[in-house]
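Right, one structure below, let's go through it.
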There are 2 protein chains.
Amino acid sequence: MAGKRSGARKKRSQQAESTPQLRSEPPLSLERIIATAVDLLDTHGVDGLTMRRLADRLGSGVMSLYWHVDNKERVFDLALDAVLAFREPAPRGEALDWRADVVHMLEDWRASMLRHPWSASLLPRRTLGPNILNRLELLSRTLSKAGVIEANMNVAIWSLWNYVMGATITRASFDRSIDDLAAAQQALTRLSAHYPTIESTRLLLDSDWDGVFRKGLDFLLDGLAPKT
Amino acid sequence: MAGKRSGARKKRSQQAESTPQLRSEPPLSLERIIATAVDLLDTHGVDGLTMRRLADRLGSGVMSLYWHVDNKERVFDLALDAVLAFREPAPRGEALDWRADVVHMLEDWRASMLRHPWSASLLPRRTLGPNILNRLELLSRTLSKAGVIEANMNVAIWSLWNYVMGATITRASFDRSIDDLAAAQQALTRLSAHYPTIESTRLLLDSDWDGVFRKGLDFLLDGLAPKT
DNA sequence: ACCATGAATCGTATGGTGTACGAGTCAATC
DNA sequence: GATTGACTCGTACACCATACGATTCATGGT
């Protein structure tokens, strides 16, 4: 049963090639490792990423990974940041709607995390990578243009951060276990004597996540930069 | 080196005892297991809770735990809910300030989670225990009294939930790794060319978490139930 | 007195994990 | 041709959750 990883190591062609990236089994590289890690995380979830599986998928030995990467933690950090890249829209001509910019960036942020559900719960406890910092920087600049004074800037940023993270983490985990949710709501129905109110509004079932996110975000923005 | 757990099993006294709870080594019980698990989580963090350590701490064999508990997941669920109990304040005489009630409950919620920093990141991906449901039920009733109509109730609850979770998870994980944070801010200073704005406000360092939480919460409540 | 039952406990074994270590391969350089 | 350094990988170790099969012990029936 022990996987006899066949010694099918491709014999390299005799003549020297000056451009080695066209190999049929491309060599290991940080990029390839991270891309595969993201794939694995998407398909097998956060517990499904193991160094062994990662190496198998790359057609390499387990320890080869450690040449490119310090440890598994680092793989998470890099995969996370890779997934959160944001292409800043070309700065339009004039003083356009700052609010639309903020909403767009944050909704894109949330969408990126929901596309890779493991990322949301990972983000808060990992160090901030360049793509994340980039988003924060952009957010800060936009809010600045919107008239938020410097004394309130950190408060504003963290409030938005908190809101987006809470919404996305909750959505991501409730999404994946919708069966559990239905079971929970069912159990709740049985216990409706104890929890009559949330049972009657069917809190755990028919929530419009996108709508909730958008409305709450609007409330928050109203508070942070009231329309003059 | 293998721990020879001495066979010091106390010989029970000859005459039958009707009240067995006074034994010097109390027998295992769900309560004792969960209480010890919470202790372990507090001191060693979420990765520090292992079934072996738990058993050692309880003076029992590892597999004995599995008599009382299905699996490790269940231990997390129970420890989490145990930590989130809320003693509803005695209903005061009249139509008192609903807003104060909501703020109090949510701040207590946040404080409970911060007292056990592992709980915040755990909560969103575990099934909701009775104590959590109790808080949601209470929140729902209070908002109802505040005039939130039923059509908006789920939106209101989830918005508040999202906000509290995001704030607490972020705070809990940033709190524990304050050294990392300082290092991150330092790295940021080195990269101030790329992130000038968030560098200048020292975003990663001098944030008043409690203040941010309170202010953002006020904004949200304003939006959910505007003062007439 | 005997023993059957079932709750509770525990030792051992299995298969999984991250990663330290040292030995290998190979292209480029002297 | 020898040396170096980037890179790969097999083996080994320590630790993990937990399945399985004893073992202990209080109880109740006969």
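The values are calculated or read from the model by the stated rules, or taken from the named source; none is laboratory data. Since the structure is predicted, the reported quantities are computational estimates derived from the model, not experimental observations. Here the Cβ is made from the backbone with ideal geometry for all residues, glycine too, and neighbour counts use every protein chain on show. Just so you know, the surface numbers come from the protein's heavy atoms only, side chains and all, with ligands and any DNA or RNA stripped out. Shrake-Rupley method; radii C 1.70, N 1.55, O 1.52, S 1.80 Å.
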Search the range B:80-128 for residues being open to solvent by 10 Å² or more (accessible area, probe 1.4 Å) and among the polar types (S, T, N, Q), and hand back the single one that is nearest to B:Leu40 (Cα to Cα). B:Ser121
Of A:Asp47, A:Asp77, which residue is of a type outside the set (Lys, Arg), within 14 Å of another protein chain (Cβ to nearest Cβ) and within 16 Å of DNA strand D (Cβ to nearest atom)? A:Asp47
State whether the residues of the range B:93-105 include one that is touching a Lys or Arg at 6+ places or on another chain (Cβ under 9 Å) and within 16 Å of DNA strand C (Cβ to nearest atom). no
The condition from (1) in a loop (DSSP other than H, G, I, E, B); (2) in the same structural domain as B:Lys215 (by TED's automatic domain parsing) that B:Glu88 misses is numbered (2)
Pairs please, first residue from the range B:40-63 and open to solvent by 50 Å² or more (accessible area, probe 1.4 Å), second anywhere and outside any helix (DSSP H, G or I), Cβ atoms under 8 Å, 6+ apart in sequence or on different chains. B:Asp42/B:His116
For the range A:112-180, which fully contained helices (runs of 4 or more DSSP H) count at least 2 residues that are within 23 Å of B:Phe219 (Cβ to Cβ) and at the interface with chain B (Cβ under 8 Å from one of its Cβ atoms)? A:130-145, A:150-176
When B:Ser6 is run through (1) at pLDDT below 90; (2) of a type in the set (S, T, N, Q); (3) within 9 Å of DNA strand C (Cβ to nearest atom), the failure sits at (3)
Residue list for the range B:24-66, restricted to those being more than 12 Å from DNA strand C (Cβ to nearest atom) and polar (S, T, N, Q): B:Ser24, B:Thr36, B:Thr43
Scan the range B:198-214 for residues that are part of a helix (DSSP H, G or I), more than 22 Å from the chain's Cα centre (by Cα) and within 7 Å of chain A (Cβ to nearest Cβ) and jot them down. B:Ile198
Please go through the range B:67-85 and give me each residue that is within 14 Å of DNA strand C (Cβ to nearest atom) and assigned to a helix (DSSP H, G or I), ordered by number. B:Trp67, B:His68, B:Lys72
With (1) modelled with pLDDT of 90 or more; (2) β-branched (Val, Ile, Thr); (3) more than 30 Å from A:Arg125 (Cβ to Cβ) as the list, and B:Thr19 as the residue in question, which single condition is left unmet? (1)
